[in-house]
Amino acid sequence: MWRDTARDVTFFGLDAWALAPFVAVPFSGWDWRMIYLAVAIAIIFALMRAAGLSVVGAARRMRSWIAGRERPATPPSKQRFFA
């Protein structure tokens with residue numbers, strides 16, 4: 001049983017990150033725009049999950065895409081050219 005502790009929490013096949021906006025909707029008001037926004041966020045997270053990415057993995061991929069290949073803070077002795 002302790003081996004399953006690293007699994008993502010899912011509820012009805014959706015990741016817990018995807019259901020977080022639905023928890024926030026009652027606290028922010030029952031406006032149709034908020035419900036549409038929560039559904040859109042749930043769809044985005046479901047597509048990320050279908051692509052095989054977790055929220056943390058997608059954030060890392062986005063950060064590395066924004067930063068690019070250049071790493072100016074890395075000293076020349078620590079730079080890897082073929083990795």
Chymotrypsin sites (Phe, Trp or Tyr not before Pro) within the stretch 49-83: DSSP coil, no more than 13 neighbouring Cβ in 10 Å: Phe81, Phe82
Point-to-point label distance, Val39-Thr5, nm (Cα→Cβ direction, 7 Å offset): 3.9 nm
Residue of Arg49, Arg63, Arg71 that the Gaussian network model of the chain assigns the largest fluctuation, springs spanning Cα pairs under 10 Å: Arg71
Highest-MSF residue in the chain out of Ile35, Ile66, Ile44 [GNM, Cα springs under 10 Å]: Ile66
Between 0 and 90°, nearest 10: helix 55-67 axis offset from the chain longest Cα axis: 40 degrees
Debye intensity ratio in log₁₀ form over the Cα atoms of the chain, taken at each q of 0.11, 0.12, 0.24 Å⁻¹: -0.50, -0.57, -1.14
Helical contribution to [θ] at 222 nm, DSSP H n ≥ 4, -39,500 (n - 2.57), averaged over the chain, rounded to 500: -17500 deg cm²/dmol
Normalised contact order of the chain, rounded percent, pairs of Cα under 8 Å and 6 or more residues apart: 22 percent
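Coordinate-derived values only; no laboratory data. Just so it is clear, the structure is predicted and the values come from calculations on it, not from any experiment. Backbone-built Cβ (ideal geometry, glycine too); neighbour counts: all protein chains shown.
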